[in-house]
Amino acid sequence: MTRSALSPNRSPLRWLLLFAVAAPVLLAPALAPAQSKLRPLVRDMLGNLDSLNEIGTSVALDDFGRAAGAASELAARAQRLKGFDVKVLGVDPGRQAAFDAYLDVQREAAQAVAAAAKTQDGAEVLLGMQRLVTDACLACHDSFRERENLMRTSVLFMTTFLHAWQDINRGLMTRDLELISRRAYEIQSVGRVLTWDQVIESSFAVTDPGERGEFREFVSRMTMQAGRIERAAGEEKLLAAAEASRRMWTDGCLACHEQFRLGE
């Protein structure tokens, strides 16, 4: 596989990078992390993402017991959140039933994933994960998050990483080395843009120079692991790619969110 075949200039990724630089002129500055209206649910949402990552990594390693356990955690978390007071999120209390309905979708889809994992049906687990992300997670965000915030550059960056990570897990399950390598390379390309002070400050509202340094460190951890994923895919070492994917998620993505989104 040649590097030119993986060049971001041959994909929509180029436009994301251009948008990231132009966005401060086109859009209002991103809200500071502490202003996020969804902050009361951030820990649970990170827990959901961590469980999804555990499912993907476990199936790639043929550890279906761990995958079933992670899916059960998703189902239990959805059940626990039923009845969460949506007024805390600034949402009309009349939409409580709609919010709970998405949690029902999450619980039912997660239970189906757990059942598939117990029968070691990797293909069905993958389909179940896609249903979880599409019909529960993304559908709920599209319904309850502020429309104007869905196009914030920070959201675009994070969505790009999330989609690439999902494809890497999909590639691990289906042994699609080209997909793994291509998406890992794209993560590195976007990560390089996230080392620019202008992008960190305007897109993520990180104005303190010291905090920008910390932010770059998390990005560096993520892109380093993405490079390891790409190399492992090129050497057809799926276990090494799966381990690097896990570390990219825990040491880079989740650690950064905990530092810059949660606070005390």
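The values are calculated or read from the model by the stated rules, or taken from the named source; none is laboratory data. Computed from a predicted model, the values in this text were never measured in an experiment. Every residue, glycine among them, receives a Cβ derived from its backbone with ideal geometry; neighbour counts consider all protein chains shown.
Below are the figures for this structure:
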{"quantity": "Matching residues in segment 155-172 - criterion: being buried (at least 21 other Cβ atoms within 10 Å of the Cβ) and more than 12 Å from the chain's Cα centre (by Cα)", "calculated": "GLY171, LEU172"}
{"quantity": "Meets criteria (buried (at least 16 other Cβ atoms within 10 Å of the Cβ) and either outside any helix (DSSP H, G or I) or of a type outside the set (Phe, Trp, Tyr) (or both)) for ARG183", "calculated": "yes"}
{"quantity": "Contacts under 9 angstrom Cβ, first residue in segment 221-244 being within 16 Å of ARG192 (Cα to Cα), partner at pLDDT 90 or above and of a type in the set (Ser, Thr, Tyr), 6 or more apart", "calculated": "ALA226/TYR185; GLY227/TYR185; GLU230/SER181; GLU230/TYR185"}
{"quantity": "Contacts under 6 angstrom Cβ, first residue in segment 164-178 being within 12 Å of LEU238 (Cα to Cα), partner part of a helix (DSSP H, G or I) and modelled with pLDDT of 85 or more, 6 or more apart", "calculated": "ILE168/ILE180; ILE168/ARG183; ILE168/SER245; GLY171/LEU179; GLY171/ILE180; LEU172/ALA242; LEU177/ALA233"}
{"quantity": "Every residue from segment 169-185 that is touching a Leu at 6+ places or on another chain (Cβ under 8 Å) and modelled with pLDDT under 90", "calculated": "ARG170, GLY171, LEU172, MET173, THR174, ARG175"}
{"quantity": "Which listed residue is free of Cβ contacts under 8 Å to residues at least 12 places away in the same chain and surrounded by 15 or more Cβ atoms within 10 Å (Cβ to Cβ), from ASP121, ASP50", "calculated": "ASP121"}
{"quantity": "Check on GLY210, more than 24 Å from LEU41 (Cα to Cα) and crowded, with 16+ Cβ neighbours inside 10 Å", "calculated": "no"}
{"quantity": "Test: GLN106 is touching a helix residue (DSSP H, G or I) at 6+ places or on another chain (Cβ under 7 Å) and either charged (D, E, K, R) or farther than 18 Å from ARG170 by Cα (or both)", "calculated": "yes"}
{"quantity": "Hey, ALA116 under 21 Å from the mean Cα position of the chain (by Cα) and among the small types (Gly, Ala, Ser) or not", "calculated": "no"}
{"quantity": "Single unsatisfied condition, ALA233 versus (1) modelled with pLDDT under 90; (2) among the hydrophobic types (A, V, I, L, M, F, W, C); (3) buried (at least 21 other Cβ atoms within 10 Å of the Cβ)", "calculated": "(1)"}
